[in-house]
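The values are calculated or read from the model by the stated rules, or taken from the named source; none is laboratory data. The structure presented is a predicted model; accordingly, all values stated were derived computationally and were not measured. Methodologically, a virtual Cβ is constructed for each residue, glycine included, from the backbone with ideal geometry; neighbour enumeration extends over all protein chains shown. Accessible surface areas use protein heavy atoms only, side chains included; no ligands, DNA or RNA. Shrake-Rupley method; radii C 1.70, N 1.55, O 1.52, S 1.80 Å.
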Amino acid sequence: MNNSSTNIENPVFSTESLALVHKIMKRYPEGKQKSALIPVLHLAQAEFGGWLSPKVMDYVASLLSIQPIEVYEVASFYTMFNLKPVGKCLIEVCRTSSCWLLGAEDIVHHIERKLNIKEGETTTDGMFTLKTVECLGSCGTAPMMMVGADFHENLTLEKVDDLLEKFRVENKQSRYC
Amino acid sequence: MPKVTIDGHTIEVPEGTTILQAARMIGPEVAPPAMCYYSKLATSGGYCRTCIVKVTQGSEKDPRPMPKPVASCRTTVMDGMVVENKTSAEVLEARKGVVEFLLANHPLDCPVCDQAGECHLQDLSYEHGASDTRYEFERRTFDKIDIGDKIKLHMTRCILCYRCVKVADQLTPGRVHGVINRGDVAEISTYIENAIDNEFSGNMIDVCPVGALTDKTFRFKSRVWFTKPVDAHRECSSCSGKVVLWYQGAEVLRVTARKDAFGEVEEFICNTCRFDKKQTADWVIEGPRKINAHSVISANHYEADTVNPGPVTPRLN
Amino acid sequence: MGKKLLLANDHVPGIQSLDVYSKHGGYAAVEKALKTMTPDALVEEVKTSGLRGRGGAGFPTGMKWSFLAKPEGVPRYLVCNADESEPGTFKDRYLMERIPHLLIEGMIVSSFALGANTSYIYIRGEYFYIVRILEKAIEEAYAAGYLGKNILGTGYDLDLYVHPGAGAYICGEETALIESLEGKRGNPRIKPPFPAVKGLYQCPTVVNNVETIAAVVPIVNMGGAEYAKIGIGRSTGTKLISASGHINKPGVYEIELGVPVEEFIYSEEYCGGIKNGKKLKAVVAGGSSVPILPGELILKTAQGEPRLMSYESLADGGFATGTMLGSGGFIVMDETSSIVKNLWNFTRFYHHESCGQCSPCREGTGWMEKILHRIMDGHGKQSDIDLLWDLQKNIEGKTICPLGDAAAWPVASAIRHFRAEFEAYVNNPGSIKEVRHYYSVNNLQPA
């Protein structure tokens, strides 16, 4: 763990993350710091429990000197930002075209049965959230699911079982970045 | 100056004029309908697609037709351009399709909507829509919310024209509302409960083409066609003070900005004029408001001396 | 074996590192371009090569570059579109993951040609693991003096950054991408003005796909004229094809444009034929947005000529009997596939990905999905098929950006070529359950 305040009532980035935020802001021209919004929201989501609370978004707005609504507008547009709490392990199964042709529905139903949740829900112990997502560019290795930044491809039901077990044992917060 | 021909009418317009502006210069009969474009709001237009027209000749220099219908509000006139609007069956057909899309998820609650009678979507549907709907699924709904103590947001009626967002961006400091989510669940929202509280927020009501943003001080007080519009003005430190008072008997039910033949406000007004000055004594009365031909109110002919004969006492200066 | 210009070294161990990449001829194009060529000469070279945008639209790259406005004192930008999200397309991912330096090298040469001193790679957020690969490659390039101030002592400065998106197909549209890079919602802009005049931060900007930028490297190395000799007709050079679906060997293949479709599907060099020895039913040749074609029409044109993997041949016959090369996302469906259910899957995708700005797309995509869902559920009506046809027609060409067309074309083509299947679903709802629409995940046999 780092020294960040995970208290989402009063979110403050860790020193290292804050340094990274400033580094990211420097990638864009003077006065265009709003460009850093998406990368910084990714960092915020990773650091503050896997989702973006209004307080966290307001904090990001203040870092970038923009209005809070500008953050809400953006955060609610992109599917990778969670505006509600999610489980520690966020499972995202691709449901589009080639994955679907090769059995994505089976994968989703299997996970639903196994975890006793429906797509979009979180297990009661807060461990898993199951989401379906659109094409992640894994069509040649379909079906697939993404957990954090990791792609798990050429899935079979057995492979899914093994992965779920592994995630449970590791007990790690999944994060994209 | 470039010359453009729209539905057979030729007009010379300044460089940079859009097809829609040129058509409006020719006259309201030629002008394509516009649900999102607003000449007083920079970067407005392009979203609703009701103003699409066919460009049958791109310009004198390059006479090729444009391959797709274009949004007339965002397409600049070129010299020698030839445009078909109402003379093109194809355009009318395409516009009918757009109206169908705009109505697909609209609640059609006109009987209880305060905007009825001055609703642009109503007029558009009447002029360009089909007589029945082919949409057979449950319509999208949102909860009604208050954004501030004077404005009601009824998102279910919204057509996402973005005008209110542009008002907030261009007329007020520190916008607190915007468009959240995306696709067909995109909505106008403050996201967290938040009041839109600034001196010019009331203009969002005037620019809203439908009944999505309504004046809470006027809600359910009267049908607009039972009220009589009167031009009036007052000395105001924050706006021009030029308004329309909407009377029922002796009572001012509502104050709005003055709107032109295309339904656009002539000058934006402040919230003090709009919400806090509801007494005749607050105003200098100019006389009956000439309402454009589209409005049912224009059938409600009346003369200056019939307006509020009793309580209207011109202010003595 | 076809010629390989991009993936010739993709299997060399360690090719991800600058050292190994350089030992295999890497960064020669940077040396050549920056030390011996002028920016204008580079643009000319790309024009001569006949290179066309590899993201999907196929617009001539050299021409796009030459449109870039060059007002005094205003910065210009090159933005690489690595937002690869078109269903069925995964070639850019492969290229960036395997040979990141090829993209970096292409970015340096292209930025120099356009006079950009700051360039960005906008990559879809879901490719975060590739962000790390690219950032490492960029770090190496800075260390080697290929990026930063006074590159190779030529006086040319370039900073290159990777910028992640966060899940939105629409950001593959260049103006939506620019909006997103500015920290906004990915709403496409209304054009004109085009990015070449007012793009990123209202400055002149070129947005090019990953593969397009990578292709600039061999063009510089071999010369535009030599590059133009590869391929067929106006389809010059090589193209990365992402092959997926019911085939024996899914994957990314670099083909010389002009390979017969039949050879591509059935030869061992490429897809290796249809899985389980089944028959070919249909192909979506260029990513989900392009018209779907039945097996007969993808293998042969309406005139009976062999169909080739090229911009022109795939488009032969227009939309009546042809399709598009698009992004090269080649999705193969065997005889067990249900076109209606597959179309529903695509339509759901466009509904989900519509930004919601303009009314035909916002309202029309969801409407089409609902109708298709109803048909799949066995409650469809004959009139639904005509309504679908009308709706796609009312969307096509009426929207701000091409997502509307992309949503309309699959619907139009599926009805055009497979109307009987829709009618069978509507007239005999009981038959739907018997239709095996996807493979069981375990035995890779029809479910």
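A loss of 50 Å² or more of accessible area (1.4 Å probe, protein heavy atoms, ligands and nucleic acids excluded) relative to the isolated chain is seen in these residues of segment B:137-184: B:Phe137, B:Tyr162, B:Arg175, B:Asn181, B:Arg182, B:Gly183, B:Asp184. The helix-based estimate of mean residue ellipticity at 222 nm for chain C, built from -39,500 (n - 2.57) per DSSP H run of four or more residues and divided by its residue count, is -13000 deg cm²/dmol to the nearest 500. Tell me which aspartates and glutamates have Cα within less than 15 Å of A:Lys166's Cα, excluding those fewer than 8 residues away on the same chain? Answer for A:Lys166, where 15 Å is the Cα cut-off: A:Asp150, A:Glu158, listed by chain and number. If you sort the three axes of the alpha carbon gyration tensor as a ≥ b ≥ c, you get a/c of 1.5 or more for segment C:41-150 and a/b no higher than b/c, which makes it oblate. Applying 1/(1 + (r/R0)^6) with R0 = 25 Å to the Cβ-Cβ distance of C:Ile133 and A:Arg175 gives a FRET efficiency near 0.90. When you filter the trypsin sites (Lys or Arg not before Pro) in segment B:1-93 for DSSP loop state and at most 16 other Cβ atoms inside 10 Å of their Cβ, you are left with B:Lys61. Rounded to the nearest 0.05, the FRET efficiency derived from the C-beta distance between C:Val197 and B:Ala261 at R0 = 45 Å is 0.85. With both labels modelled 7 Å from their Cα along Cα-to-Cβ, the B:Ala195 to C:Glu305 distance reads 7.2 nm. Against the compact-protein benchmark of 2.2 N^0.38 Å, the Cα-based radius of gyration of chain B scales to 1.04. The orientation-averaged projected area of the convex hull spanned by the Cα atoms of the protein assembly as shown comes to 40.5 nm². In terms of distances greater than 23 angstrom between alpha carbons, the cross-link table entries B:Lys68/C:Lys393; B:Lys144/C:Lys191; C:Lys47/C:Lys229; A:Lys32/B:Lys166; C:Lys3/C:Lys47 yield B:Lys144/C:Lys191. In order along segment A:104-117, the Karplus-derived 3J(HN,Hα) couplings, from 6.51 cos²θ - 1.76 cosθ + 1.60 at θ = phi - 60°, round to 4, 4, 4, 4, 4, 4, 4, 5, 4, 5, 4, 9, 6, 9 Hz, and Gly and Pro are given as x. Collect residues whose amide H, placed 1.01 Å from N in the peptide plane, falls under 5 Å from the amide H of B:Glu286; neighbours closer than 5 in sequence don't count. Excluding prolines and chain starts, which carry no amide H, the hits are B:Asp231, B:Ala232, B:His233. Straight-line cross-link partners of B:Lys216 among the aspartates and glutamates, defined as a Cα under 18 Å from its Cα and at least 8 positions apart when in the same chain: B:Asp109, B:Asp114, B:Glu118, B:Asp143, B:Asp146, B:Asp149, B:Glu193, B:Asp197, B:Glu199, B:Asp206, B:Glu251, B:Asp276. Helical content of chain B, expressed as a calculated mean residue ellipticity at 222 nm, amounts to -4500 deg cm²/dmol (DSSP H runs of 4 or more residues, -39,500 (n - 2.57) each, divided by residue number, nearest 500).
The phi-based Karplus calculation (6.51 cos²θ - 1.76 cosθ + 1.60; θ = phi - 60°) puts the 3J(HN,Hα) values of segment C:233-238 at x, 7, 9, 8, x, 10 Hz, whole numbers, x for Gly and Pro. Shape class for segment B:192-278: rounded, because the ratio a/c of the largest to smallest gyration tensor axis (alpha-carbon atoms, square roots of eigenvalues) is under 1.5. Accessible surface area normalised per residue over the protein assembly as shown is 37 Å², counting heavy atoms of protein chains with a 1.4 Å rolling probe.
Stretched out straight at 0.36 nm per residue, the stretch from C:Phe67 to C:Phe319 would grow longer than its current Cα-Cα span by 87.8 nm.
Extending 7 Å from Cα along the Cβ direction at B:Met66 and again at B:His233 yields two label points whose distance is 3.8 nm. Annotation for the C:B interface, with buried accessible surface near 2900 Å², both sides summed [1.4 Å probe; non-protein components not counted].
Pairs of lysine residues in segment B:224-298 that meet both criteria, 8 or more places apart or on different chains and Cα atoms under 16 Å apart, total 8.
Less than 5 angstrom separates the built amide H of C:Val207 from those of C:Val79, all sequence-distant by 5 or more or on a different chain. On the protein assembly as shown, 52 percent of the accessible area sits on carbon and sulfur atoms, based on a 1.4 Å probe. Rounded to the nearest 100 Å², what is the buried accessible area between B and A, both sides summed, probe 1.4 Å? Separately minus together, B and A give about 1000 Å² buried. Residues A:Trp51, B:Trp225 ordered from highest to lowest accessible area at a 1.4 Å probe: B:Trp225, A:Trp51. Less than 5 angstrom separates the built amide H of A:Thr132 from those of A:Val93, A:Gly120, all sequence-distant by 5 or more or on a different chain.
The residues of segment A:135-151 occluded by other protein chains by 20 Å² or more of accessible area, set against the chain on its own, are A:Cys135, A:Leu136, A:Gly137, A:Cys139, A:Gly140, A:Ala149, A:Phe151; surface from heavy atoms, 1.4 Å probe. Evaluating 6.51 cos²θ - 1.76 cosθ + 1.60 at θ = phi - 60° for every residue in segment C:132-138, the Karplus couplings come out as 5, 4, 5, 5, 5, 4, 5 Hz, glycine and proline recorded as x. Please give every one of the lysines within straight-line cross-link reach of C:Lys278, meaning a C-alpha to C-alpha distance under 18 Å, and leave out same-chain neighbours fewer than 8 residues apart. Once the sequence-local lysines are set aside, what remains near C:Lys278 is C:Lys249.
For the chain pair C and A, the interface hides roughly 4400 square angstrom of accessible area in total, found with a 1.4 Å probe.
Once the Cβ-Cβ distance of C:Glu423 and A:Glu16 is raised to the sixth power relative to R0 = 35 Å, the FRET efficiency obtained is 0.05.
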